[in-house]
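Accompanying notes for the structure given below.
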């Protein structure tokens, strides 16, 4: 009676299949797309300075901390486009914030930030955060 013993190739293929079925690798480096990261890596360095969204801020989007920024964005009506919200949890394509960051056709005013567009990694971080529900956590 012969005994079946899997080949090393089969063992490697099985291991690769298990890895592929795990968590998907995203554009945010595998880290959670939390609002803390969005605030620290996107909003603070690119948006929250004196001429844009600091203090009272442009378009009613002024913030001095993470909590006020989240409250000003999620489920809040967009001023420039009637019928849209700034951030629609779970729906980045229906979120005016993404339209402004990506420079979508039909936005009011200019693409944000005005001096330079965000790199793909930071855009992906915002998109992933919205897709995951746009929580304050």
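Nothing in this text is a laboratory measurement; each read-out follows from the coordinates by a stated rule. No experiment lies behind these values; they were computed from the predicted model shown. So basically every Cβ, Gly included, is an ideal-geometry build from the backbone, and we count neighbours across all protein chains shown.
Observations on the model:
- For peptides 119-126, 92-99, 35-42, sequence by mean Cβ density within 10 Å, most packed first: 92-99, 35-42, 119-126
- Each of residue 121 and residue 40 was given a label point 7 Å from its Cα along the Cα-to-Cβ line. The distance between the two points is 1.4 nm.
- Working from label points 7 Å from Cα in the Cα-to-Cβ sense, the residue 65 to residue 135 distance is 2.1 nm.
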